[in-house]
Amino acid sequence: MIKLGVNIDHVATIRNARGEGHPDPLKAAKQSIKAGADSITIHLREDRRHIKDKDLQKISRSKFIKLNLEMSANKKMLKIAIKNKPNFICIVPEKRKEITTEGGLNLNKNYKKIKYIINILNKKKIRTSLFINPSINDIKLAKLIGSKCVEIHTGIISNKVKEKKNYQSELKKISKCAKYAELNNIEVHAGHGMDYNTAKILSKISQIKEFNIGHFIIGESIFYGLNNVIKDLKKLLSNANIRKWCRYCRKL
């Protein structure tokens, strides 16, 4: 079954625009789970531009929510993560001036630092993924680092789909990486920039076990409601699961 993780960072973005308490990210997290989301993702950035420490504390305390915490690879964030004990962690690159995450981690440059963090989180039995570009070399490095999960950056293919450009080469690249990761016992997730169309296309890659979608869900919810958007995505992914099962049955 393909799981859906809902990123609620931009609920906090809207709240922070007024410097008040509405809308509440915790309420959005609970409503997303009730609507069918399998987990909630939040990115506690170093500049705290959207999610705040109090949001992390409140959401991580809820037994009702499976929390995936995105964080940069540094000791300060590691300390915060261990204190709050999220269910999952995704290590992501972070630049102060970027509008959103621009690509995957540079595993070559940050190999020792990320390996140190992964080793600690593995001992804490927190499933940790590395946010990477669709690169076979990055899969190899993730394996050496000790990561049991990777999240493939889908920004390029998402933009090509939205702009109605040829995306086949990028799709093949992602598919090849997903297959290679599975062969090396690394769980594969996908995230960044996805909408209904990109999710439908990428759902055909059987090795991808989880989609993490945020900006599209929150934006589309303005017009159609959070519950409806999540239910539509879950239905889309459920249909993909049925297609995969049918292909499997035909092989028997």
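In the list Phe211, Phe216, which residue meets the criterion of being in a strand (DSSP E or B), aromatic (Phe, Trp, Tyr) and under 29 Å from Ala81 (Cβ atoms)?
Only one candidate qualifies: Phe211.
Residue-wise test of (1) open to solvent by 60 Å² or more (accessible area, probe 1.4 Å); (2) modelled with pLDDT of 95 or more.
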position	(1), (2)
His10	yes, yes
Ala17	yes, yes
Ser39	no, yes
Arg61	yes, yes
Ile65	no, yes
Leu69	no, yes
Lys83	yes, yes
Lys95	yes, no
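Which numbered condition in (1) part of a helix (DSSP H, G or I); (2) crowded, with 20+ Cβ neighbours inside 10 Å is the only one that Ile51 fails?
(1)
Does any residue in segment 25-37 that is among the β-branched types (Val, Ile, Thr) come within less than 6 Å, Cβ to Cβ, of a residue that is not in a helix (DSSP H, G or I) six or more places away or on a different chain, and which pairs are these?
Ile33/Ile65
Could you check Gly104 against (1) in contact (Cβ under 8 Å) with a residue 12 or more places away in the chain; (2) more than 24 Å from Gly225 (Cα to Cα); (3) in a helix (DSSP H, G or I) and say which number it fails?
(3)
If you scan segment 123-164, which residues turn out to be within 17 Å of the chain's Cα centre (by Cα) and over 18 Å from Gly103 (Cβ atoms)?
Ile126, Arg127, Thr128, Lys148, Cys149
The values are calculated or read from the model by the stated rules, or taken from the named source; none is laboratory data. Predicted, not measured: the structure shown is a model, and the values here were computed from it. Here the Cβ is made from the backbone with ideal geometry for all residues, glycine too, and neighbour counts use every protein chain on show. When the accessible area is computed, the model is the full protein with side chains, heavy atoms only, and any ligands, DNA or RNA have been set aside. Shrake-Rupley method; radii C 1.70, N 1.55, O 1.52, S 1.80 Å.
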